[in-house]
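Below is one structure, written out as structure tokens, with a few remarks after it.
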Amino acid sequence: MIRFDDKYMTFHMSTPKTSYVSAVVDGSYLGHVYYGPRIDDMDLGYLMKTEYNPFVPSINSREKVRFMEAFPKEYAGAGTGDMRSICFDVRNEDGQAGLQLAYVSHHIFKGKPTLSGLPSTRGDEDSCDTLEILLTDSILSMNVYLYYTVYRDLDVITRSVQIENSGASTLFLTNVMSAMLDLDPTTDMEVITLHGSWARERRIERTKVDYGTFSVESIRGESGPQDNPFMALVTPNTTQTTGQVYAMNLVYSGNFLASVQKEQYGKLRMMMGINPWHFTWKLMRGQTFTAPECVMVFSNEGLGEMTRTLHRLYRHHLIPKQWETAPRPVLVNNWEATEMDFDLDTLLEFAREAKTLGMDMLVMDDGWFGERNDDSTSLGDWFVNEKKLPGGLKALSDKVHEMDLRLGIWIEPEMTNSESELFKAHPDWVYQLPGREPGLWREQLVLDITRPEVFDGVYSQIKKAFETAQIDYVKWDMNRPLCEVGNLVLPPDQQGELMHRYTLAVYRMQEQLLTDFPDILFENCSSGGARFDPGMLYYSPQIWTSDNTDAIERLYIQEGTAICYPLSSMGAHVSACPNGQTRRTVPFDTRAKVAMAGTFGYELDTRNLTEEERSLIPGQIEIFRKVSPVVVDGDYYRLASYNENGIYDSWAVVSRDKSLAYMTYVQVKAEPNKKPIRICMQGLDPDKRYSVRVVDPKPHVFEDRKPEELADVVQTLSGGALTNAGLIVPRLWDDYQALLYEIEEVQ
Ligand code: GLA
């Protein structure tokens, strides 16, 4: 609900449990008043009157700059007195900066506008309301539209910004953040971010917010594994179930900046948007620029509530509609088993075994095109290597579908190698700075797909190849960051647009792919999980989480990823051991139980399985088919964190009607002679009674019980007991053991 009170010039936005209030002060300045637990008062202007800021410029113009530097704003422009981090900056044709935004008007309407060329969360007249506030800088003749959308059944506010040049002269935008939040917390705050690297993506980082500025960012041309466009401010001691959380998540897959500044008076300014580094945007008369959407969530009930709110938003309002509740196919991917050393026979053997074991789909990874036998060649040559695949994609697709399996395929459209037909014909198609040798990464060069002829040259090949066969799934990879970002076409005063234009071109191509092949299941990937962000989720309901498939490392990676992204979006496979990234050997059973927290599949040689593995796979798939609907549509609860306790991990998914839950417990370290571990469930109905059963206990050896005994143990407990007293999990012999519990309502 959005209300405007013209007496107090106050905008009051409310979601079921939160309120966000801003107000026009002194007839001109748009101030931030309040964000937090829901309150319904309209007159909250007193919150803005503090002892160091008792005046407004119309009364006390001799101290206008002191007002500007302290007044809590909705959107701070540069150069006119706000000395804190600013979120908007513009140069005019004379190279001068400085702007002051004044309130002009507003408009409240049902539904939610889409953002031109950019992914954004979806909403219609029944699910959300939008406030558009128009601010202007009359000297620059520039209009700034701030958009706030509130969801009626979710504690979410999305924000975006549109800049319009309504004057005659050209403007150069040098900083357009998507959202800013001026907070005046009553306690110290901590900041949570997701940090990482290749094969170590999205580790949860938490640190105190101190005076100065803390930021995370990407300047890599993708969101990157180093930092994620997610930031949450939390009150000290915030847990999964208690504490206040202010979260921002940017629906964008390029260079971003997320920052929080503790300024001189101890107030906080948080913001998120496109990274201003090397960013300019030339805005000519009548043109508009749209900043990506920023999602904001406030939770008064700890991190778990924030997580579930984001998951619901992304599942129901971001990922493509047809995958909202659709079960995901169990696939086998050949990458870790064969890399590029495969041919039609190899793949068909994989497929036959996969079918026998109960899988749904074969995914052919990198290496099917051009002369690609190692990673030094052929990106950009999207025609089938008939030496490997005689009869082309059609022959493979026909045979795979005859087996009643689906077929997936790997592509990396944004890249080329100097050893490729494409590069030889068009050496000018790659990003480059004149006179400099473009730096290689995995021997790859980045194609300048911002140019229409490059975009078409690549995309038309892919489309042609796909049209020859039935392709059910596409894994879109991107295996290097951008540097030497220059192009040979844009004028000098637009070279600063290239990073953002690149991201827009990626979105355009993904949109095109989905338009041409609307039924494919689309998975994004970038050297593992280097582009795991809400922007990508708009196109692909799932993203490859990490090239690190070691089940124990995955505990960290999946916990961090799931703090904001739905479990159903996390690509997770059972791979062979010793693991390729860690050399660790984890029981096959544990590998499967960890992968069941995501999309689930196998990434190993189905021709070379041990007898034990072969015997376990059909049962694992059967279990996954039961667990998967709750993963896709239920709520996720983090119960214990190996990241925090160093010994064990536990999470649960609970169906929306609270009638069915699956709880996973992973004992990373065996500890002899210690008290049993109790896991307190969350999300159950305290008044319902549930049967509790260990699913598939056979592979385990228990310290205190024979596995056969446990198979039959069905406890019946109330939701209250399971939540408050907890479930006692047995101590298991050996490290890396996992148990999956089915908790089902009994009448
Ligand atoms: C990236 C991906 C892998 C695999 C390879 C293929 O590293 O993350 O899953 O597809 O590329 O080259």
Residue pairs meeting the criteria (Cβ under 7 Å; at least 6 apart or on separate chains; first of a type in the set (Ser, Thr, Tyr), in the stretch 470-486; second assigned to a loop (DSSP other than H, G, I, E, B) and more than 10 Å from the ligand (Cβ to nearest atom)):
Tyr473/Ile520
So, first residue assigned to a strand (DSSP E or B) in the stretch 365-378, second residue more than 11 Å from the ligand (Cβ to nearest atom) and of a type outside the set (A, V, I, L, M, F, W, C), Cβ within less than 7 Å, six or more apart or across chains; the pairs are Phe369/Ser378; Phe369/Asp381; Phe369/Asn385; Thr377/Gly370; Thr377/Glu371; Thr377/Asn417; Thr377/Glu419; Thr377/Ser420
Exclusive hit being under 30 Å from Trp281 (Cβ atoms), within 16 Å of the ligand (Cβ to nearest atom) and not acidic (Asp, Glu), set Ser526, Ser546:
Ser526
Of (1) within 16 Å of the ligand (Cβ to nearest atom); (2) assigned to a loop (DSSP other than H, G, I, E, B); (3) out of contact with any Phe, Trp or Tyr (no Cβ under 7 Å at 6 or more places or on another chain), Asp381 fails just (3)
For the stretch 195-205, state whether one or more residues are surrounded by 24 or more Cβ atoms within 10 Å (Cβ to Cβ), in the same structural domain as Leu257 (by TED's automatic domain parsing), in a loop (DSSP other than H, G, I, E, B) and not charged (D, E, K, R).
yes
Please tell me if Thr307 is assigned by TED's automatic domain parsing to the domain that holds Asp182, closer than 27 Å to Val209 by Cα and not in a loop (DSSP other than H, G, I, E, B).
yes
Against the conditions (1) charged (D, E, K, R); (2) in contact (Cβ under 8 Å) with a residue 40 or more places away in the chain; (3) away from the ligand (no atom under 16 Å from the Cβ); (4) within 25 Å of Trp198 (Cβ to Cβ), where does Glu437 fall short? Just the number, please.
(2)
May I ask you to verify whether Ser460 is within 16 Å of the ligand (Cβ to nearest atom) and more than 20 Å from Ser120 (Cα to Cα)?
no
Hey, could you check the stretch 358-378 for residues that are within 14 Å of the ligand (Cβ to nearest atom) and of a type in the set (A, V, I, L, M, F, W, C) and say which is farthest from Ser546 (Cα to Cα)?
Phe369
Only one of these is outside any helix (DSSP H, G or I) and either under 27 Å from Tyr473 (Cβ atoms) or out of contact with any strand residue (DSSP E or B) (no Cβ under 7 Å at 6 or more places or on another chain) (or both): Ala597, Ala592, Ala661. Name it.
Ala597
Enumeration of residues in the stretch 55-77 that are of a type in the set (Lys, Arg) and modelled with pLDDT of 95 or more
Lys73
Could you tell me whether Val430 is away from the ligand (no atom under 16 Å from the Cβ) and touching a residue at least 24 places away in the same chain (Cβ under 8 Å)?
no
Within the stretch 21-39, does at least one residue satisfy the condition of being among the charged types (D, E, K, R), surrounded by fewer than 16 Cβ atoms within 10 Å (Cβ to Cβ) and either on the phi < 0 side of the Ramachandran plot or in the same structural domain as Tyr151 (by TED's automatic domain parsing) (or both)?
yes
Taking the criterion of being within 16 Å of the ligand (Cβ to nearest atom), crowded, with 23+ Cβ neighbours inside 10 Å, among the aromatic types (Phe, Trp, Tyr) and part of a helix (DSSP H, G or I), would at least one residue in the stretch 340-357 satisfy it?
yes
Set Arg285, Arg269: member being charged (D, E, K, R), at pLDDT 95 or above and either in a loop (DSSP other than H, G, I, E, B) or not assigned by TED's automatic domain parsing to the domain that holds His32 (or both)
Arg285
Please verify whether the stretch 570-586 includes one or more residues that are buried (at least 21 other Cβ atoms within 10 Å of the Cβ), away from the ligand (no atom under 16 Å from the Cβ) and within 27 Å of Phe466 (Cβ to Cβ).
no
Determine if the stretch 325-335 includes at least one residue that is within 16 Å of the ligand (Cβ to nearest atom) and either surrounded by fewer than 20 Cβ atoms within 10 Å (Cβ to Cβ) or assigned to a helix (DSSP H, G or I) (or both).
yes
Quick one: in the stretch 549-569, which of the residues that are part of a helix (DSSP H, G or I) and aliphatic (A, V, I, L, M) is nearest to the ligand (Cβ to nearest atom)?
Ile557
Of the residues Ser546, Ser568, only one is over 20 Å from Ile621 (Cβ atoms), of a type in the set (Ser, Thr, Tyr) and within 21 Å of the chain's Cα centre (by Cα); which?
Ser546
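The values are calculated or read from the model by the stated rules, or taken from the named source; none is laboratory data. Remember, predicted model here, so these are calculated numbers, not experimental data. Reconstructed Cβ throughout: ideal geometry from the backbone, glycine too, with neighbour counts over all protein chains shown.
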